[in-house]
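Presented below is the structure to which this report refers.
We did not get these values from a lab; they are worked out from the coordinates using the rules stated. These numbers were taken from a predicted model, which means no experiment stands behind them. A quick note on method: Cβ atoms are made from the backbone with ideal geometry, for glycine too, and the neighbour counts reach across all protein chains shown.
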Amino acid sequence: MKNFRIKKEDTLLLMIDIQERLAPAMNKSDKVIDNNKILITALKEMKIPILYTEQYPKGLGRTLPELTEIIGKAKPLEKIVFSAFNKELKDELIESGRVNIILTGMEAHVCVYQTARDLIDNGFNVFLVSDGVASRTSDNHYVGLQLIKDLGGVITSTEVVLFDLLHAAGSDEFKLVSKLVK
């Protein structure tokens, strides 16, 4: 990556597998879910596309309803392999024209890591939201973040991403983000 800049017009959110039977087993899942709600709400206001996946929904349940209520009518990309980077996702990304991927989800060291690896291998820039991803243990969370950083991903946070996308204060979007992060 030449720089760590993201702009509204070249960015989208990819949320990985925040599902009914998976979330309760995650370390600090409440905070991760809250941060994803903040991101989804703010990014929708900024008109930034949101994609999300579900790993084997028959066994792990659907995406948490508190997230899908905010996302709206978009449909999840279902998968049974760990990496979300399949033909369907690749086609969605190419069609969107977006090269910067804000990445959140579960688990940091499995599906999120393998997706990040495939995204980076295919020329996308990954901005991993450290407080928007979870694993069952803090050790695995740390390992997932380090692996993605070693691949060339940018490790960031909810607030860094949002204020970087805003670039300046004073807009209605800024007012919304300010309220969301308080």
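The number of residues in region 77-102 being outside any strand (DSSP E or B) and either under 13 Å from the mean Cα position of the chain (by Cα) or of a type in the set (S, T, N, Q) (or both) comes to 4. Of the residues making up region 102-158, those that are touching a Phe, Trp or Tyr at 6+ places or on another chain (Cβ under 6 Å) and of a type in the set (Ser, Thr, Tyr) number 2.
Being surrounded by fewer than 21 Cβ atoms within 10 Å (Cβ to Cβ), under 18 Å from PHE4 (Cα atoms) and under 15 Å from the mean Cα position of the chain (by Cα) is true of VAL160. Applying the condition of being assigned to a loop (DSSP other than H, G, I, E, B), over 15 Å from the mean Cα position of the chain (by Cα) and not polar (S, T, N, Q) to region 123-157 and asking which residue is surrounded by the most Cβ atoms within 10 Å (Cβ to Cβ) yields ARG136.
When the criteria are applied in full, GLY105 fails the requirement of being small (Gly, Ala, Ser) and outside any strand (DSSP E or B).
Only residues that are closer than 18 Å to ARG98 by Cα and either out of contact with any helix residue (DSSP H, G or I) (no Cβ under 8 Å at 6 or more places or on another chain) or in a helix (DSSP H, G or I) (or both) were counted in region 30-67, giving 6.
Evaluated against (1) without any contact (Cβ under 8 Å) to a residue 60 or more places away in the chain; (2) surrounded by 20 or more Cβ atoms within 10 Å (Cβ to Cβ), LYS47 falls short on exactly one condition, (2).
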